[in-house]
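What follows is a single structure, written as structure tokens, with notes after it.
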Amino acid sequence: MSPYSDLYGGAILNVTVSLSAHANLEITQDGFIVLEAFDRNETETHPVSTQLPINGTLDLAKGVYNRIQKDYPFACKGMKISTFVDAPAGSGLGTSSTLVVAILGAFVEMLKLPLTDYDIAHYAYDIERHDLALAGGKQDQYAATFGGVNFMEFLKDENVIVNPLRIRPEYLYELENNLVLFYTLQSRESATIIKAQQQNVEQKQESSIEAMHKLKEQAFQMKEALLKGKLNQIGEILDFGFQQKKKMAANITNSRIDEFYELAKKAGATGGKISGAGGGGFMIFYCPANSRYAVIEALQKAEGKVRPYSFTKFGLRTWPIL
């Protein structure tokens with residue numbers, strides 16, 4: 001996240017899971033552009049134009065359409081843009097960025113644009129952060145585009161290096177088995193938390209910046225543990241990172257999140273984290289030696305929901321409707 005990554009360089013390790021953002025483009029001839037978000041029960045209809053109004057509703061789809069029309073103008077007599085996201089908004093799983101990548105990928109497929117994966121990921125980042133002025137980092141767009149297990153480095157001048165990791169299948173099977181994904185049922189607005197983190201860097205808040213240094217260190221620790229099969233260290237590494245994350249800004253955690261965390265640890269989890277900016281959304285717990293069942297039982301008694309998932313090797317996938 002800028003400005004930290006611009007000043008100190010950033011690093012993160014992530015993996016894509018089997019929750020997707022879906023986008024469909026349909027060409028019509030009726031003189032209207034229809035936007036539909038089936039998961040949110042939102043619909044808007046506008047007369048055909050090269051620029052749609054950004055008004056707080058379905059802005060991600062509008063932002064992609066507007067930018068494509070600006071950079072790659074195309075004749076349009078009517079269009080329907082339909083989307084569905086498997087995870088709830090504000091969940092900390094990168095849903096907004098993944099949706100932008102999906103919509104952008106649909107336009108790339110339709111117009112046969114000569115864009116690489118790096119181009120698409122950066123394009124999605126630029127639309128979110130600059131065109132729509134949405135606060136956030138830049139890992140989600142690259143994770144959604146590339147897919148799989150990646151160690152990413154963020155350098156100055158918005159340079160990003162995506163390093164796919166070759167991890168032995170049995171290590172990934174064990175990791176997948178031992179990680180429990182839990183939805184707190186608390187949605188949150190990440191922009192406020194993210195802006196606080198950015199201000200702490202700009203104002204040179206030493207404790208916050210030191211926590212960010214250590215959180216970056218966590219990514220290197222996790223990479224080594226996965227590559228070498230030291231899965232017994234994963235929980236402790238996650239716990240270390242979560243303690244640092246809480247120091248980055250206020251509102252990353254709250255009493256409810258802390259309660260879930262303690263419930264999971266008492267049931268056998270050795271560590272975990274809050275996903276995304278924090279404040280709500282999904283949590284992840286590492287549960288070794290089949291403790292996942294006791295952890296799931298404990299969490300299900302609380303107000304929240306365990307979400308099944310699996311790791312995926314792919315990121316953005318597009319195809320024409322035949």
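The values are calculated or read from the model by the stated rules, or taken from the named source; none is laboratory data. What you see is a predicted model, and the numbers here were worked out from it, not measured in a lab. Note: ideal-geometry Cβ built from the backbone for every residue, glycine included; neighbour counts use all protein chains shown.
Yes/no per residue for (1) assigned to a strand (DSSP E or B); (2) acidic (Asp, Glu); (3) at pLDDT 95 or above:
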| site | (1), (2), (3) |
| --- | --- |
| 124 | no, no, yes |
| 143 | no, no, yes |
| 157 | no, yes, no |
| 161 | yes, no, yes |
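Only one of the listed residues (54, 68) is part of a loop (DSSP other than H, G, I, E, B), assigned by TED's automatic domain parsing to the domain that holds residue 115 and of a type in the set (A, V, I, L, M). That residue is 54. Condition check for residue 268 on (1) modelled with pLDDT of 90 or more; (2) at negative phi; (3) crowded, with 18+ Cβ neighbours inside 10 Å: one failure, at (2). Looking across region 297-318 at every residue that is charged (D, E, K, R) and not in a loop (DSSP other than H, G, I, E, B), the one that is farthest from residue 150 (Cα to Cα) is identified as 297. Checked against the criterion of being under 30 Å from residue 101 (Cα atoms), at pLDDT 95 or above and surrounded by fewer than 17 Cβ atoms within 10 Å (Cβ to Cβ), region 236-251 has no qualifying residue. Please indicate, with yes or no, whether at least one residue in region 166-186 is more than 28 Å from residue 233 (Cα to Cα) and surrounded by fewer than 21 Cβ atoms within 10 Å (Cβ to Cβ). Yes: one or more hits.
Look at region 48-77: where a residue is more than 20 Å from residue 141 (Cβ to Cβ) and a partner is aromatic (Phe, Trp, Tyr) and outside any helix (DSSP H, G or I), sitting 6+ places away or on another chain with Cβ atoms under 9 Å, you get 48/32.
For residue 7, the requirement of being surrounded by 19 or more Cβ atoms within 10 Å (Cβ to Cβ) and either outside any helix (DSSP H, G or I) or touching a residue at least 60 places away in the same chain (Cβ under 8 Å) (or both) is not met. Being over 23 Å from residue 317 (Cβ atoms) and of a type in the set (Asp, Glu) is a property that does not hold for residue 39.
Candidates in region 165-193 are the residues that are closer than 17 Å to residue 277 by Cβ and polar (S, T, N, Q); of these, the one that is modelled with the highest pLDDT is 184. Assessment of region 117-125 against the conditions (in contact (Cβ under 8 Å) with a residue 40 or more places away in the chain, surrounded by fewer than 19 Cβ atoms within 10 Å (Cβ to Cβ) and not assigned by TED's automatic domain parsing to the domain that holds residue 260) yields at least one matching residue.
Report whether or not residue 134 is at pLDDT below 95 and either crowded, with 24+ Cβ neighbours inside 10 Å or within 23 Å of residue 4 (Cβ to Cβ) (or both). It is true that residue 134 is at pLDDT below 95 and either crowded, with 24+ Cβ neighbours inside 10 Å or within 23 Å of residue 4 (Cβ to Cβ) (or both). Among the conditions (1) buried (at least 20 other Cβ atoms within 10 Å of the Cβ); (2) over 24 Å from residue 120 (Cβ atoms), residue 68 misses just one, which is (2). Every condition in (1) modelled with pLDDT of 90 or more; (2) over 21 Å from residue 90 (Cα atoms); (3) touching a Gly at 6+ places or on another chain (Cβ under 9 Å) is met by residue 212 except one, and the failing one is (1).
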